[in-house]
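The values are calculated or read from the model by the stated rules, or taken from the named source; none is laboratory data. Every value quoted in this text rests on a predicted model; they were computed, and no experiment measured them. Counting neighbours? That spans all protein chains shown, and the Cβs are built from the backbone with ideal geometry, glycine included. Remember, those area values only see protein heavy atoms, side chains included, never the ligands or the DNA or RNA. Shrake-Rupley method; radii C 1.70, N 1.55, O 1.52, S 1.80 Å.
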Amino acid sequence: RVAPAKEAAQKAAPAPPGAPKPPVKKKEEGPKPTDASNHPLVKRLREKCVDAVTEATEFLGQLSIRIERSRIVEVCNALKADAETPFDYLSDLTCVHWPDNREAPMEVVYQLYSISKNERVRLKVATNGAGVESVTSVWPAADWPEREVYDLFGVVFHNHPDLRRILLPPDWDGHPLRKDYPLEFIENAWTERHLPEFSDVQREQVEQRRTYGLEILSVPQEREVRELFRGGKEVMPKDK
């Protein structure tokens with residue numbers, strides 16, 4: 001019989017090493033953007049608008065062209081009048097905020113579509129506080145999308161027919177889709193001017209109702225806030 005101390009030592013001893021584990025298979029790299037300087041549309045555009053194109057890439061069949069900021073209207077007119085692929089429809093206009101790019105943190109993106117040729121192209125324009133020229137003279141439908149980008153990102157569109165906020169109140173502070181804008185509801189100058197005063201007890205009740213859904217505890221002040229924000233719906237409910 002094995003002594004108890006020896007038996008315990010045998011149980012505590014590590015198991016002999018087995019076969020080595022197979023190496024972890026390296027994940028295959030996904031597709032990457034490729035240079036599209038030789039794309040026929042890019043060549044035609046560079047012939048019509050000399051030095052306006054700064055970069056052209058293609059990714060998964062999608063063509064993206066980066067345009068010099070001051071030439072955007074000229075380029076849009078050229079693409080709209082292109083004989084082979086007339087881009088006669090502005091399907092979307094939006095913006096991306098790149099806070100690390102200090103020289104030009106805002107990138108306005110134009111999605112163009114050719115109805116007759118069923119082709120798409122994406123234009124990109126980098127800008128800063130100087131803004132960018134409005135393309136409403138090329139596509140009147142750019143009116144509201146440009147107002148939305150102005151409202152939510154703060155990009156100014158020069159020569160826009162009616163550049164003002166479209167989603168937020170005219171005297172709202174800040175631009176909510178910028179990446180430096182806080183995600184939580186904050187007290188700012190607008191809320192101080194327009195929302196009723198809440199006591200500490202009322203604020204605690206609001207947080208409890210948002211957390212537990214206790215609508216039975218609603219107070220007139222919160223109902224007023226709800227009407228100001230969402231026309232009778234819950235004020236900024238937090239996602240669970």
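Which one of the conditions (1) within 17 Å of ILE72 (Cβ to Cβ); (2) at pLDDT below 95 does VAL149 fail to meet, given that it meets all the rest?
(2)
Scanning the stretch 190-227 for residues that are under 34 Å from the mean Cα position of the chain (by Cα), assigned to a helix (DSSP H, G or I) and among the hydrophobic types (A, V, I, L, M, F, W, C), which turns out modelled with the lowest pLDDT?
VAL225
Taking PRO23, is it over 26 Å from the mean Cα position of the chain (by Cα) and open to solvent by 40 Å² or more (accessible area, probe 1.4 Å)?
yes
Quick check: is even one residue across the stretch 118-133 among the basic types (Lys, Arg), open to solvent by 70 Å² or more (accessible area, probe 1.4 Å) and over 27 Å from PHE59 (Cα atoms)?
No: zero hits.
Mind checking which residues of the stretch 113-135 are closer than 23 Å to THR54 by Cα and of a type in the set (Val, Ile, Thr)?
Residues satisfying the conditions are VAL121, VAL125, THR127, VAL132, VAL135.
Any residue in the stretch 88-97 that is at pLDDT 95 or above, surrounded by fewer than 16 Cβ atoms within 10 Å (Cβ to Cβ), at positive phi and not aliphatic (A, V, I, L, M)?
No, the stretch 88-97 contains no residue that is at pLDDT 95 or above, surrounded by fewer than 16 Cβ atoms within 10 Å (Cβ to Cβ), at positive phi and not aliphatic (A, V, I, L, M).
Looking at the stretch 90-118, which of its residues are touching a residue at least 40 places away in the same chain (Cβ under 8 Å) and more than 21 Å from ARG71 (Cβ to Cβ)?
HIS97, PRO99
Going residue by residue through the stretch 158-167, is there one that turns out to be within 17 Å of MET106 (Cβ to Cβ), touching a Leu at 6+ places or on another chain (Cβ under 7 Å), buried (at least 18 other Cβ atoms within 10 Å of the Cβ) and not acidic (Asp, Glu)?
no
Assess whether ALA81 counts as being touching a His at 6+ places or on another chain (Cβ under 8 Å) and either hydroxyl-bearing (Ser, Thr, Tyr) or free of Cβ contacts under 8 Å to residues at least 24 places away in the same chain (or both).
Judged against the criteria, ALA81 is not a match.
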